[in-house]
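A short write-up of the structure that comes next.
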Amino acid sequence: MIESYIESGKIASRIRNEASEMIKEGTLVIDLVEYVESEILKSGAQIAFPCNVSINEVAAHYTSPAGDKTTIRAGDMVKLDLGAMIDGYIADTAITIIAGGNIDENYTQDEINLHEEIVEASAAGLEAAIATARAGVEVSKIGASVREAIAEYKLNPIFNLTGHSLEQNNLHAGISIPNYDNHDHYVLEEGQAIAIEPFATNGEGTVNDAPGHYIFSYMANKPFRMRSTQRILKYIQHNNAYVPFSGRWITDEFGERKGSIALKQLSEAMAIYPYAPLREKQGCFVSQKEHTVIIEKEGCTITTI
Ligand code: MN
Ligand code: MN
């Protein structure tokens, strides 16, 4: 089990580092997510969730739909969040990059300075969290350390986003790792795998649902009159029963029309759960940094370092 966590961690961290080189002016987001997902499969691991590329005020849960024309602009705050798994043991890791290029064309120097601090703040939050994480520590203590580190930059964490425990084939296994002291007295135990993911922003620190659904999870089997929808549900049960999947994978397999109709019908019937992209309430910029760690007696091992 530990070996599989270490192996998936190595794969995810290598692909994160390689893919981050693509984060620059002019890159199509779909090329970035398809590169990450194909590299995960090539490595012999499985995709633990669709590659998320969330830009500027979008904190999380965006992945390209088929034919996505979204293009990275110079100076954009790009969050790359990916997951690989070996035998169901997941590595979940994210990084934020300010896209290179002619930044001055899109942002003022003051904005660029602020954006660099926002990126540094989530990294400092993650560092503080990792220094705090060990067996016997309450998760709220980790949250307190994250908030304190981010507050040094006079910035806020995103209060309604958290890290999470990981279990075999289970990306969000029930325990939340807050980004502030939420008074959750749950005590971490040796051997637990958790993903720690501080988000920092110059806004108030709340995210809301934004329009569109690009990422889904299987929920339950239901009967459907439309044959293509029934067939697509079978396909999802077979291929994506445990961890989230991309709407793009469905429309690539079954065509834009049948795929989109099925995703809508399946969501409405709660056979699948649609995740909305999450956007900072005031439209302020958001950074994220994430590692997966294994809790130990005297600290933790970072699998995605
Ligand atoms: Mn993640
Ligand atoms: Mn995560």
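Output the residues belonging to region 32-43 that are charged (D, E, K, R), more than 19 Å from HIS61 (Cβ to Cβ) and crowded, with 16+ Cβ neighbours inside 10 Å.
GLU39
Hey, ALA66 hits all of (1) more than 30 Å from TYR218 (Cβ to Cβ); (2) not in a strand (DSSP E or B) but one; which does it fall short on?
Going through (1) more than 30 Å from TYR218 (Cβ to Cβ); (2) not in a strand (DSSP E or B) one by one, ALA66 breaks only (1).
Hey, does region 96-105 have a residue that's in a strand (DSSP E or B) and crowded, with 22+ Cβ neighbours inside 10 Å?
Yes, some residue in region 96-105 is in a strand (DSSP E or B) and crowded, with 22+ Cβ neighbours inside 10 Å.
Given the structure, is TYR186 under 19 Å from SER165 (Cβ atoms) and surrounded by fewer than 20 Cβ atoms within 10 Å (Cβ to Cβ)?
Yes: the conditions hold for TYR186.
Is it true that VAL286 is aliphatic (A, V, I, L, M), farther than 29 Å from GLU3 by Cα and in contact (Cβ under 8 Å) with a residue 60 or more places away in the chain?
Numbers: aliphatic (A, V, I, L, M): yes; farther than 29 Å from GLU3 by Cα: yes; in contact (Cβ under 8 Å) with a residue 60 or more places away in the chain: yes.
When the stated conditions are applied, VAL286 passes them.
Consider region 57-80. How many of its residues are within 16 Å of ligand 2 (Cβ to nearest atom) and of a type in the set (D, E, K, R)?
Residues in region 57-80 being within 16 Å of ligand 2 (Cβ to nearest atom) and of a type in the set (D, E, K, R): 1 in total.
Applying the selection to region 185-231, what residues are more than 22 Å from ILE118 (Cβ to Cβ), hydroxyl-bearing (Ser, Thr, Tyr) and within 25 Å of the chain's Cα centre (by Cα)?
If the condition is that a residue be more than 22 Å from ILE118 (Cβ to Cβ), hydroxyl-bearing (Ser, Thr, Tyr) and within 25 Å of the chain's Cα centre (by Cα), then TYR186, TYR214, SER217, TYR218 are the ones that fit.
Conditions first: (1) part of a loop (DSSP other than H, G, I, E, B); (2) among the hydroxyl-bearing types (Ser, Thr, Tyr); (3) within 16 Å of ligand 2 (Cβ to nearest atom). SER54 passes all but one, so which condition is the exception?
(1)
Could you check region 187-302 for strands (runs of 3 or more DSSP E) lying wholly inside it with 2 or more residues that are under 30 Å from ARG134 (Cβ atoms)?
Of the strands (runs of 3 or more DSSP E) lying wholly inside region 187-302, those with at least 2 residues that are under 30 Å from ARG134 (Cβ atoms) span 193-196, 199-201, 286-288, 291-296, 299-302.
Inside region 243-257, can you point out the residues that are crowded, with 20+ Cβ neighbours inside 10 Å and free of Cβ contacts under 8 Å to residues at least 40 places away in the same chain?
If the condition is that a residue be crowded, with 20+ Cβ neighbours inside 10 Å and free of Cβ contacts under 8 Å to residues at least 40 places away in the same chain, then ILE250 is the only one that fits.
Please list, ordered by first then second residue, the pairs with beta carbon atoms under 6 Å, 6 or more apart or interchain, first in region 94-106 and within 16 Å of ligand 2 (Cβ to nearest atom), second in a helix (DSSP H, G or I).
Sorted first by the residue in region 94-106, then by its partner, the pairs are ILE95/ARG16; ILE95/SER20; THR96/VAL119.
Kindly indicate the residue of region 155-186 that is small (Gly, Ala, Ser) and outside any strand (DSSP E or B) and also farthest from ligand 2 (Cβ to nearest atom) among those meeting that condition. Working first, answer last.
Quick first cut of region 155-186, residues small (Gly, Ala, Ser) only: 163, 165, 173-174, 176.
Among the residues that remain, those that are also outside any strand (DSSP E or B) are: 173-174.
Numbers: ALA173: 11, GLY174: 14 Å.
Among those residues, the one meeting the criterion is GLY174.
Which members of region 18-33 meet the condition of being touching a residue at least 24 places away in the same chain (Cβ under 8 Å) and either part of a helix (DSSP H, G or I) or among the β-branched types (Val, Ile, Thr) (or both)?
ALA19, SER20, ILE23, THR27, VAL29, ILE30, LEU32, VAL33
In region 69-78, which residues are in contact (Cβ under 8 Å) with a residue 40 or more places away in the chain and either in a loop (DSSP other than H, G, I, E, B) or crowded, with 19+ Cβ neighbours inside 10 Å (or both)? Spell out how you get there, then give the answer.
Going residue by residue through region 69-78, those that are in contact (Cβ under 8 Å) with a residue 40 or more places away in the chain are 69-75, 77-78.
If the condition is that a residue be in contact (Cβ under 8 Å) with a residue 40 or more places away in the chain and either in a loop (DSSP other than H, G, I, E, B) or crowded, with 19+ Cβ neighbours inside 10 Å (or both), then LYS69, THR70, ILE72, ARG73, ALA74, GLY75, MET77, VAL78 are the ones that fit.
Mind counting the residues in region 252-305 that are of a type in the set (Lys, Arg) and closer than 28 Å to ALA91 by Cβ?
Residues meeting the conditions: 3.
Quick check on my filter: what residues within region 88-108 are within 25 Å of the chain's Cα centre (by Cα), among the aliphatic types (A, V, I, L, M) and either more than 16 Å from ligand 1 (Cβ to nearest atom) or more than 24 Å from THR303 (Cα to Cα) (or both)?
Listed by number, the residues that qualify are ILE98, ALA99.
Read the figures in this text as sums done on the coordinates, not as results from a lab. As the structure is a prediction and not an experimental result, all values here were calculated from the model. Don't worry about glycine lacking a Cβ; one is built from the backbone with ideal geometry, like all the others, and counts go over all protein chains shown.
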